[in-house]
There are 2 protein chains.
Amino acid sequence: MQAAPPTLQSIAAEFGVSSATVSNALSGKGRVSEGLAARIRARAEALGYAPSLPARALRTGRSGVIGLVLPDLANPLFPKIAQAVEAAAAREGYGVLIADSHGEVGAQTAALQRLVQRGADGIIVVPRRGTRVLELDVPLAVIDTPATPGNTVSADHRAGGAALAAHLLGLGHRAFALVGESRESSVQRDRIGGLRAGLPQTARIETIWLEEAPETDFPALARDGITAFAATSDLHALRILTTLQRAGLAIPREASVAGFDDLAFAAAVTPSLTTMAQDSDRIAGAAVAALMARIDGPEPAAPPAGTTGGSAGGTAAETAVPMTLIARESTGPAPASTRSEPRPHPATRSQRETTP
Amino acid sequence: MQAAPPTLQSIAAEFGVSSATVSNALSGKGRVSEGLAARIRARAEALGYAPSLPARALRTGRSGVIGLVLPDLANPLFPKIAQAVEAAAAREGYGVLIADSHGEVGAQTAALQRLVQRGADGIIVVPRRGTRVLELDVPLAVIDTPATPGNTVSADHRAGGAALAAHLLGLGHRAFALVGESRESSVQRDRIGGLRAGLPQTARIETIWLEEAPETDFPALARDGITAFAATSDLHALRILTTLQRAGLAIPREASVAGFDDLAFAAAVTPSLTTMAQDSDRIAGAAVAALMARIDGPEPAAPPAGTTGGSAGGTAAETAVPMTLIARESTGPAPASTRSEPRPHPATRSQRETTP
DNA sequence: GAGGTTTGCTTAATCGTTTAACCCGATGCC
DNA sequence: GGCATCGGGTTAAACGATTAAGCAAACCTC
């Protein structure tokens, strides 16, 4: 039903000029008299002219689209990242093509290739934990942890962990349970490592990997003297919070609970969850910016040798974005009893601090 | 670094034939001798030939991409939908371009136009509550509620509500709080409507819209005799659950709580959350299928008049996908006390049943 | 063996944009 | 006044795939 959309040719015909002139007028590149250029721009505007992206892509080899590969779209952290990436990309005039790797390495590779074939100008990857992203002939930005080789930008999980530790310490806590899911995840390792690094030698620390100890009895830990629970994800923090609550413990009076990422529900629970949030906007912005830089400048001061392995590509862009503590109701002063009279296990510290 | 990717021309040159022949051989369309065709296919395979999507798009007008517009990427339901859409689209060889409308109508329209400009062959829209999606010259599939005009496919929220009501009724509950966020959302209206329709005239029903009564005191309601809380979203169910729990009520012994959508945390809380799940895969599959049908068959038995307004386009595709009850620990038998001796407010039924 | 049909491929146009190369008239310079 | 320069355009060649139309040889048919 719609009339054919305006093209360079159709506009050119109206003015009796060639399509090249119209192209130049709109892009401001060639030499066109100012008067004519102005009239052409006005007319194009009025017509609602929009260049055909496929045609442009064909000619220039740039599709104006970047890919976003995520380990698992169902991961509740994803929406924030996706939203931030989409916004940042849109600001640069780019579209965002999504791909889900379903947490499988094979699918991750396949997804990358599909995106490349679709002509993505660059790809942002949040790798599945422990995965190394293969090298491609497309600019890549990796969001993982500062420690990962090839990482482009990410939250400073380690510093975030340390900051959360400081928060709990400041509230008087001296016995901690640090709860993660999987040791394989470098993000989780960093968070736990940061927490541990932020706690003094004298603190009691139990580290629990849920993957290995899924049946952990949190109320028992609390009864055993643990007063602060820090989980690497709000999801686990929520589990701990509700489990303790159901066992009759008052949060935060009898125990404090904190998580990471400020997931959607963190503010909705009662008591609301204290959490370390990543600045998704800044991270996404940096990832997109890094991509843009690599797309525009082909070789970023080409690494002399071994393009494959290196942690090269060190753009001046920031690499570790600080995290922000969002102190809510689930953390509070350590119970007085524990403060004054430490329990039987004064130094069960399972592992010593591991700062490099 | 990478050698130029293979094109039809480069393959044609290898065989000393024209690019048209190669195209025909690969697509199986024109007339090519079987022997040559087989050799060409083999060679293309070996070379990892992939057609240039932009070029194809330019020629055919089909980009092989569909757009997905969501009201708010930060909405926790989004991941499931996005994941399902992505999978369904990938199965059909389509890519998915995302766009966030930030809940604003203006942004929603702008996002749609950006997608159209990008050459999306079709667009799936989950409209912001209460929004009517404007007509475009691009196939559209709308996921909202069966009641919305123009809706393509969605969960049967009303029947889901009724089924949840039946579940609670079966557990012996007779006094309910139905909790929604906003009356403007047709999804929420349907869910609440379904719940109400599934409850008998004799039941006590309190309907609460959180937007209007954000400070609702749920423990007070429970003390007042309400034994079952059904919220239109797991997010609110979680809020209710934790609030009651903190107030010292044992869930589900003293009160049952249920939600909708089976969000990521529903299984993680203690007690785990009973919820009505939508079958995102089926919904997304149907939406994608509807899009494909409209893309391939230009006019679906063209509606004689008023292409704009109608609830036309009635493809044979299913429109209301049944929801599934996921009974977990947060719902249980109504407390005996309430069962035998109803509380002081036996008939505070705020509104009567409203089945059409 | 002449006419018609297949078969198997080629030619060439087309999608809409970008961009290098060229062209012509008007100036500017010494 | 001869020659380079510049401003304001035009031409034409891409980009890579698709597809209608064309064309020569081979095959069939009676």
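Only bridges whose two residues both fall in chain A count here: according to DSSP, what percent of them are antiparallel, nearest 5? It would help to have the intermediate numbers written out before the result.
Values: 3 of 35 bridges.
Of the beta bridges lying entirely in chain A, close to 10 percent run antiparallel.
Using only atoms on other chains, find how many Cβ atoms lie within 10 Å of each Cβ of peptide A:246-259 and report the average.
Values: counts 9, 1, 3, 0, 2, 3, 0, 0, 0, 0, 0, 0, 0, 0.
That works out to 1 on average.
Please report, in debye to the nearest 20, how large the charge dipole of region A:8-51 is about its Cα centre when each Lys and Arg carries +1 at its beta carbon and each Asp and Glu carries -1 there.
100
So which trypsin sites (Lys or Arg not before Pro) in region B:229-267 end up in coil per DSSP with only 16 or fewer other C-beta atoms within 10 Å?
Details: sites: B:Arg239, B:Arg246, B:Arg253; in loops: B:Arg253.
For trypsin sites (Lys or Arg not before Pro) across region B:229-267 that sit outside H, G, I, E and B with at most 16 neighbouring Cβ atoms in 10 Å, the list reads B:Arg253.
Taking the Cα centre as origin and putting +1 on Lys and Arg beta-carbons and -1 on Asp and Glu beta-carbons, what dipole magnitude results for the protein assembly as shown, to the nearest 20 debye? Mind showing how you got there, number by number?
On the way: 66 positive and 68 negative charges, 83 e Å.
Roughly 400 debye for the protein assembly as shown.
Compute a Gaussian network model of chain B, connecting alpha carbons closer than 10 Å, and tell me which residue from B:Ala247, B:Ala177, B:Ala287 fluctuates the most.
Evaluated over chain B, the most mobile residue of the options is B:Ala247.
Going by alpha carbons, how many degrees (0 to 90, nearest 10) lie between the helix axis of A:186-198 and the longest principal axis of chain A?
It works out to around 50 degrees.
Go from 0 up to the bin containing the longest alpha carbon distance in chain A, width 10 Å each, and give me the % of pairs per bin.
Result returned by the calculation: 5, 21, 24, 18, 14, 8, 5, 3, 1, 0.
Between the label point of B:Gln9 and that of the same position in each other copy, find the distances and list them shortest first in nm, with every label point placed 7 Å from Cα along the Cα-to-C-beta direction.
2.0
For region B:50-56, in order, what is each residue's ³J(HN,Hα) by Karplus, 6.51 cos²θ - 1.76 cosθ + 1.60 with θ = phi - 60°, in whole Hz (x at glycine and Pro)?
9, x, 6, 5, x, 4, 4
With +1 on the Cβ of every Lys and Arg and -1 on the Cβ of every Asp and Glu, and nothing else charged, how large is the dipole of chain A about its Cα centre, in debye rounded to the nearest 20? Mind dumping the intermediate values first?
Values: 33 positive and 34 negative charges, 86 e Å.
That gives chain A a dipole magnitude of about 420 debye.
Between copies, how far does the label point of A:Arg59 sit from its twins, in nm, shortest first, when each point is 7 Å from Cα along Cα→Cβ?
Inter-copy label distances (nm, one decimal, shortest first): 1.9.
Compute the acute angle (0 to 90°) between the alpha-carbon long axis of helix A:234-246 and the principal axis of greatest extent of the alpha-carbon atoms of chain A; round to the nearest 10°.
30
What 222 nm value per residue comes from the helices of chain B, counting each DSSP H run with n ≥ 4 as -39,500 (n - 2.57) and dividing by all residues, nearest 500 deg cm²/dmol?
Working: 12 runs with 133 residues, N = 356.
Value at 222 nm, helices only: -11500 deg cm²/dmol.
Considering only the label points, 7 Å along Cα→Cβ from Cα, what distances in nm to one decimal separate B:Arg282 from the same position in each other copy, shortest first?
4.6
Under a crude label model (7 Å from the Cα following the beta-carbon direction), how far is B:Glu135 from A:Asp137 in nanometres?
My value for the distance between the label points is 4.7 nm.
What share of the DSSP beta bridges in the protein assembly as shown is antiparallel, in percent to the nearest 5?
On the way: 9 of 73 bridges.
Antiparallel: roughly 10 percent of the beta bridges in the protein assembly as shown.
Got a sec? How would A:Met276, A:Met292 order by Cβ neighbour count within 10 Å, fewest to most? Before the final figure, lay out each step's value.
Working: A:Met276 29, A:Met292 19.
With the sparsest Cβ surroundings first, the list reads A:Met292, A:Met276.
For peptide A:92-99, what's the mean number of Cβ atoms from other chains within 10 Å of each residue's Cβ?
On the way: counts 0, 1, 1, 12, 5, 7, 10, 4.
Neighbouring Cβ atoms belonging to other protein chains average 5 per residue here.
What is region A:8-51's relative contact order, in percent, from Cα pairs under 8 angstrom and six or more apart in sequence?
Values: 34 pairs, mean separation 13.9, N = 44.
Relative contact order for region A:8-51 comes out at 32 percent.
Quick check: pseudo-label points 7 Å beyond the Cα along Cα→Cβ at A:Thr207 and A:Ala166, how many nm apart are they?
According to this spin-label approximation, the distance is 2.2 nm.
Could you work out which residue, out of B:Asp121, B:Asp72, B:Asp217, moves most in a Gaussian network model of chain B, that is, has the largest mean-square fluctuation with Cα springs under 10 Å?
Answer for the Gaussian network model of chain B: B:Asp217.
Return the sequence-ordered ³J(HN,Hα) values of region A:107-123 in whole Hz as given by the Karplus equation 6.51 cos²θ - 1.76 cosθ + 1.60 applied to θ = phi - 60°, using x for Gly and Pro.
With the stated coefficients, region A:107-123 comes to 5, 4, 5, 4, 4, 4, 5, 4, 5, 4, 4, 5, x, 4, 7, x, 9 Hz.
In chain A, if the dipole is taken from +1 on Lys/Arg beta carbons and -1 on Asp/Glu beta carbons about the Cα centre, which of A:Ala88, A:Gly30, A:Pro146 is farthest to the positive end?
A:Gly30
Let me confirm one metric for peptide B:51-59, namely the mean number of other chain beta-carbon atoms within 10 Å of its residues' beta-carbons. List each step's numbers first, then the result.
On the way: counts 1, 6, 7, 15, 5, 2, 8, 8, 2.
Partner Cβ neighbours, averaged per residue: 6.
Can you tell me, using C-alpha contacts under 8 Å and at least 6 residues apart, the relative contact order of chain A as a whole percent?
16
Using alpha carbons only, how many degrees (0 to 90, rounded to 10) separate the axis of helix A:34-47 from the longest principal axis of chain A?
It works out to around 60 degrees.
Taking the Cα centre of chain B as the origin and placing charges on Cβ (Lys, Arg +1; Asp, Glu -1), which of B:Gly259, B:Ile123, B:Phe218 is farthest toward the positive end of the dipole?
The Cα lying farthest towards the positive end belongs to B:Ile123.
Bear in mind these aren't lab numbers, they're just calculated from the coordinates by the rules spelled out. Keep in mind the model is a prediction, meaning the values are calculated, not measured. Don't worry about glycine lacking a Cβ; one is built from the backbone with ideal geometry, like all the others, and counts go over all protein chains shown.
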